[in-house]
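Comments concern the structure below.
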Amino acid sequence: MREASVGHWFRPAGSTSADGFDAVITPEAAGWTYSSLRVLTLSPGSSREIVTGPEEMLAVPLSGGLTVSVDDASFVLSGRADVFAGPADFAYLPVGATAVLRADAGEARVALCGARTDRELPFRYGPAAEVPVERRGAGSASRLVRNFGTVDAFETGALIACEVVTPAGNWSSYPAHKHDEAGPHESELEEIYYFEMSSGPAGEPGFGYHRTSSSGRGEIDVLAEVRDRDIALVPYGWHGPCIAAPGFDMYYLNVMAGPGAERAWLISDHPDHAFVRGTWASAAVDPRLEEMR
């Protein structure tokens, strides 16, 4: 296991495993108030009971499929081969619910994106076919965004979640931006990045980089080499870029929530980098995105 050399805000793969989960980030463990993430592997035919308590959750298969049940209702999430294979079905787990996750056939790996909220919403199903897929940026800043749990795509109490695939050699979460002050142009949100990296042709382990730097909200300095299944926590500060090394595609799952009465994702670009958005109009989108879903 690698050491968390950049401190509390970067958690190498395996360093947060607990209670049968591959990874657990609770608000208490992160040192904040709202956002959480759990990653669980289910062997074929096995099941796990999840008690949501004060959190709402989105159950998203990372690989394989599973059945999710709450009381007498069940949804089958058909899943996917891996996170690079396209969107997945997902399920919304309400606050105060007891859910059972069961892997019916092969092994299933599932992420539970969570947020503290007082809002009560019903148990629901989100089909992969209805996940909005966005091709964002241009040139070497081209990336694919699957907006399965964003504000306009799916209703939750406080939770915002999406997936980003960055082709090998490209930059994403760029321009560097922040969302740590409440106001008409910016939301206050705690954010989790959960990474998976593709392997090389002979199974070489993939890698990339993630950056978070200080803002007016506080001091933070993270420049981390990202490996498969690492986690970065962004309590505040300018974050980005995320950089996929040549030869290795990068995936990350973003989980966000905050104290705002309105569920919104409003950001401010770093003043030194904001001009980059204006260059995209005259640049071509990376053609590799056309082959991604």
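The values are calculated or read from the model by the stated rules, or taken from the named source; none is laboratory data. Just so we're clear, the structure is a prediction, and the values are computed from it rather than from any experiment. As a convention, Cβ positions derive from the backbone with ideal geometry for all residues, glycine included, and neighbour counts pool all protein chains shown. To get the accessible areas, we keep the full protein, side chains included, count just its heavy atoms, and leave off ligands, DNA and RNA. Shrake-Rupley method; radii C 1.70, N 1.55, O 1.52, S 1.80 Å.
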Solvent accessible area, Å² - residue 220, 1.4 Å probe, full protein context = 10
ask   = What's the carbon and sulfur percent of the chain's accessible surface, probe 1.4 angstrom, rounded to a whole number?
value = 51
ask   = For 265, 32, what's the largest-to-smallest order of accessible area, 1.4 Å probe?
value = 265, 32
task = Can you pull the one-decimal nm distance between simple spin-label points at residue 51 and residue 283, each 7 Å off the Cα toward Cβ?
result = 5.0
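Nearest-5 percent of antiparallel DSSP beta bridges in segment 183-293?
On the way: 25 of 25 bridges.
Here the share of antiparallel DSSP bridges comes out near 100 percent.
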ask   = For segment 1-112, what relative contact order do you get, as a whole percent, if you take Cα pairs closer than 8 Å and at least 6 residues apart?
value = 30
task = Mind giving me the nanometre distance, one decimal, between the label points for residue 78 and residue 181, set 7 Å out from Cα along Cα→Cβ?
result = 4.7
note = Rounded to whole Å², per residue accessible area for the chain with a 1.4 Å probe reads 41
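Using a Förster distance of 30 angstrom, determine the FRET efficiency expected from the C-beta separation of residue 264 and residue 8, and round it to 0.05. Working shown, then result.
Numbers: r = 27 Å, r/R0 = 0.90.
That gives a FRET efficiency of 0.65.
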